[in-house]
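The values are calculated or read from the model by the stated rules, or taken from the named source; none is laboratory data. This structure is a prediction, so every number in the text was calculated from the model and none was measured. Because the Cβ atoms are built from the backbone with ideal geometry, glycine has one as well, and the counts that use them run over all protein chains shown. All accessible areas refer to the heavy atoms of the entire protein, side chains included, with ligands and DNA or RNA removed. Shrake-Rupley method; radii C 1.70, N 1.55, O 1.52, S 1.80 Å.
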Amino acid sequence: MVDRPSEVMARILQHAHDLPAAEWNACAGPGNPFLQHEFFTALEDSGSATPRTGWQPVHLVIDGSDGTAAAILPGYLKSHSQGEYVFDHSWADAWGRAGGRYYPKLQSCVPFTPATGRRLLLRDPVLAPALLAAAEALTVQNGLSSAHATFIAPEQVEIFEAADWLVRIDQQFHWVNEGYASFDDFLAALSSRKRKTIRKERVLDPEIQIEMLRGDQITEAHWDAFWIFYQDTGARKWGQPYLKRKFFTMLGERMGDRVLLGIASRDCVPIAGALNLIGDDCLYGRYWGCTEEVPFLHFELCYYRAIDWAIAHGLARVEAGAQGSHKLARGYRPTPTFSAHYIPDQGFRNAVANFLEVEREAVAAHIEELGEEGPFRKDG
């Protein structure tokens, strides 16, 4: 373990807007839209991530010598494990059977967002160990079972490892831009059979019109339509939608230039939509929904249009969200994702560590197997 300065003090924000946007964003940097002050405040101001929904904000902040925020760990006290996409229900059950109380726990993440990103927002990188020490202190002093940081950017994993947090590996499907000049250039990298399949899937019903909207092109009518799509998907996946209708209006108002909304219509009536957020080097696919089932429309709106847009704008990758092995055949590669876990109780920690060791081997083997099954040409 690295030495961590005990004299550094952290303060707790009970709402992201308790810190000025300029200070938050100076720590977050501009590259990832989900780390912006505007995104967190939209989640909290809209009532989507609040104590009432099981997300009590406890953002940890360490100030620099100039008196402004120099390091932030976005965090929530969670009374459940919904909306996280890294599943620890079996850990909660095991701890409960042993007589412990798993909830509340400390969760560092972007609520309802399985997108990779830095969980330590650092204007001053030297403060990273102190920020993790503060998270540990918050966990211990409040009798919490554990602290978790999920979908950690790969470059920050070693910081958590150095602090002796347990690292968990999972996988998603990401599309990687190998310098393609066009969608056809990307298709040329695939096997002949896969190229033919994708070209066939891209031939949609000619009555369907698709718009890719950004910024002030997105109206409240578009959000109303998308809300209907999102509710349908949310009800089928989670029982009820995580996000409130107000969130989407706030998202458009506060960071519309980072939003890419695909809307499919028939006779000028919206029938499907896909929401993406734009980063400096990545397009992040988030939500999809529809009111009419159209063959291959899901693939077109969520995957192929995202690839088109990323190529046209020189982005390095597309993250298409959680799960979905069907993405593999569409050129999205299996990619490891990382989370880190602090567990004060040594017995519980040992049990989780043993589980993670076995799980890591299984995940690595699965990623390798999926890679072999990918659609790319074997001749290089």
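Let me spell it out: the conditions are (1) open to solvent by 10 Å² or more (accessible area, probe 1.4 Å); (2) over 19 Å from the mean Cα position of the chain (by Cα), and Phe338 meets all of them except one. Which number is the exception?
(2)
Rundown of residues vs (1) in a helix (DSSP H, G or I); (2) surrounded by 14 or more Cβ atoms within 10 Å (Cβ to Cβ); (3) at pLDDT 95 or above, yes/no style:
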residue	(1), (2), (3)
Leu132	yes, yes, yes
Ala135	yes, yes, yes
Thr139	yes, yes, yes
His148	no, yes, yes
Ile159	yes, yes, yes
His174	no, yes, yes
Glu178	no, no, yes
Asp184	yes, no, yes
Lys196	yes, no, yes
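Return the pairs, sorted by first residue and then second, in which the second residue is among the basic types (Lys, Arg) and outside any helix (DSSP H, G or I), the first residue lies in the range 202-226 and is at negative phi and in contact (Cβ under 8 Å) with a residue 40 or more places away in the chain, the beta carbons are less than 9 Å apart, and the residues are 6+ apart or on different chains.
Here the result reads Asp205/Arg266; Glu207/Arg266; Ile208/Arg266; Gln209/Arg266, each pair linking the range 202-226 to a residue that is among the basic types (Lys, Arg) and outside any helix (DSSP H, G or I).
What's the total number of residues in the range 81-127 that are open to solvent by 40 Å² or more (accessible area, probe 1.4 Å) and on the phi > 0 side of the Ramachandran plot?
Looking only at that region, the number is 2.
May I ask you to say which residue of Glu368, Glu319, Glu372 is touching a Pro at 6+ places or on another chain (Cβ under 9 Å) and modelled with pLDDT under 95? So that I can check it myself, show each step before the final result.
Details: Glu319 fails: modelled with pLDDT under 95; Glu372 fails: touching a Pro at 6+ places or on another chain (Cβ under 9 Å).
Among Glu368, Glu319, Glu372, only Glu368 is touching a Pro at 6+ places or on another chain (Cβ under 9 Å) and modelled with pLDDT under 95.
One residue is enough: does the range 317-326 have a residue meeting the conditions of a type in the set (D, E, K, R) and closer than 28 Å to Leu243 by Cα? Full working, then the answer.
Taking the range 317-326 and keeping what is of a type in the set (D, E, K, R), we get 317, 319.
Keeping just the survivors that are closer than 28 Å to Leu243 by Cα gives 317, 319.
Checked against the condition, which is being of a type in the set (D, E, K, R) and closer than 28 Å to Leu243 by Cα, the range 317-326 yields at least one hit.
Using the structure shown, decide if Ala92 is over 18 Å from the mean Cα position of the chain (by Cα), outside any loop (DSSP other than H, G, I, E, B), at pLDDT 95 or above and within 21 Å of Asn350 (Cα to Cα). It would help to see each step written out before you state the result.
Details: over 18 Å from the mean Cα position of the chain (by Cα): yes; outside any loop (DSSP other than H, G, I, E, B): yes; at pLDDT 95 or above: yes; within 21 Å of Asn350 (Cα to Cα): yes.
In short, yes.
Might you let me know whether the range 113-120 holds any residue that is among the small types (Gly, Ala, Ser) and outside any loop (DSSP other than H, G, I, E, B)? If you could, list the steps in order and put the result at the bottom.
The initial filter retains those residues of the range 113-120 that are among the small types (Gly, Ala, Ser), namely 115, 117.
Going one step further and asking which of them are outside any loop (DSSP other than H, G, I, E, B), we end up with 117.
Yes; the residues of the range 113-120 include at least one that is among the small types (Gly, Ala, Ser) and outside any loop (DSSP other than H, G, I, E, B).
Report yes if Ile12 is surrounded by 22 or more Cβ atoms within 10 Å (Cβ to Cβ), more than 19 Å from Pro114 (Cα to Cα) and at pLDDT 95 or above, otherwise no.
Details: surrounded by 22 or more Cβ atoms within 10 Å (Cβ to Cβ): no; more than 19 Å from Pro114 (Cα to Cα): yes; at pLDDT 95 or above: yes.
Answer is no for this residue.
Just one of the numbered conditions (1) open to solvent by 20 Å² or more (accessible area, probe 1.4 Å); (2) more than 30 Å from Phe376 (Cα to Cα); (3) out of contact with any Phe, Trp or Tyr (no Cβ under 7 Å at 6 or more places or on another chain); (4) not hydroxyl-bearing (Ser, Thr, Tyr) is not true of Phe247; which one?
Just one mismatch for Phe247, condition (1).
Residues checked against (1) out of contact with any Lys or Arg (no Cβ under 7 Å at 6 or more places or on another chain); (2) under 16 Å from Trp175 (Cα atoms); (3) in a helix (DSSP H, G or I):
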{"residue": "Leu301", "(1), (2), (3)": "yes, yes, yes"}
{"residue": "Leu315", "(1), (2), (3)": "yes, yes, no"}
{"residue": "Lys327", "(1), (2), (3)": "yes, yes, yes"}
{"residue": "Ala365", "(1), (2), (3)": "yes, no, yes"}
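Checking the condition touching a residue at least 12 places away in the same chain (Cβ under 8 Å), within 30 Å of Leu213 (Cα to Cα), basic (Lys, Arg) and surrounded by fewer than 21 Cβ atoms within 10 Å (Cβ to Cβ), which residue from Arg377, Arg305, Arg333 passes?
Values: Arg377 fails: within 30 Å of Leu213 (Cα to Cα); Arg305 fails: surrounded by fewer than 21 Cβ atoms within 10 Å (Cβ to Cβ).
So the residue among Arg377, Arg305, Arg333 that is touching a residue at least 12 places away in the same chain (Cβ under 8 Å), within 30 Å of Leu213 (Cα to Cα), basic (Lys, Arg) and surrounded by fewer than 21 Cβ atoms within 10 Å (Cβ to Cβ) is Arg333.
Yes or no: the range 44-51 includes at least one residue that is modelled with pLDDT of 95 or more, open to solvent by 40 Å² or more (accessible area, probe 1.4 Å) and either part of a helix (DSSP H, G or I) or among the aliphatic types (A, V, I, L, M) (or both).
Initial filter on the range 44-51 (modelled with pLDDT of 95 or more): 44-51.
Within this subset, residues satisfying the condition of being open to solvent by 40 Å² or more (accessible area, probe 1.4 Å) are 45, 51.
Keeping just the survivors that are either part of a helix (DSSP H, G or I) or among the aliphatic types (A, V, I, L, M) (or both) gives 45, 51.
Yes, the range 44-51 contains at least one residue that is modelled with pLDDT of 95 or more, open to solvent by 40 Å² or more (accessible area, probe 1.4 Å) and either part of a helix (DSSP H, G or I) or among the aliphatic types (A, V, I, L, M) (or both).
For the subset of the range 54-80 comprising residues that are outside any strand (DSSP E or B) and in contact (Cβ under 8 Å) with a residue 12 or more places away in the chain, which member is most open to solvent (accessible area, probe 1.4 Å)? First the steps, then the outcome.
Looking only at the range 54-80, we keep the residues that are outside any strand (DSSP E or B), and these are 54, 58, 64-68, 74-75, 79-80.
Those left that are additionally in contact (Cβ under 8 Å) with a residue 12 or more places away in the chain: 54, 58, 64, 68, 74-75, 79-80.
Values: Gly54: 5, Val58: 11, Gly64: 24, Thr68: 43, Pro74: 5, Gly75: 0, Ser79: 73, His80: 39 Å².
Among them, the one singled out is Ser79.
Only one residue in Phe296, Phe355 is more than 27 Å from Lys378 (Cβ to Cβ), at pLDDT 95 or above and surrounded by fewer than 21 Cβ atoms within 10 Å (Cβ to Cβ), so which one is that? Explain how you work it out, then say what you get.
On the way: Phe296 fails: more than 27 Å from Lys378 (Cβ to Cβ).
Result of the check over Phe296, Phe355: Phe355.
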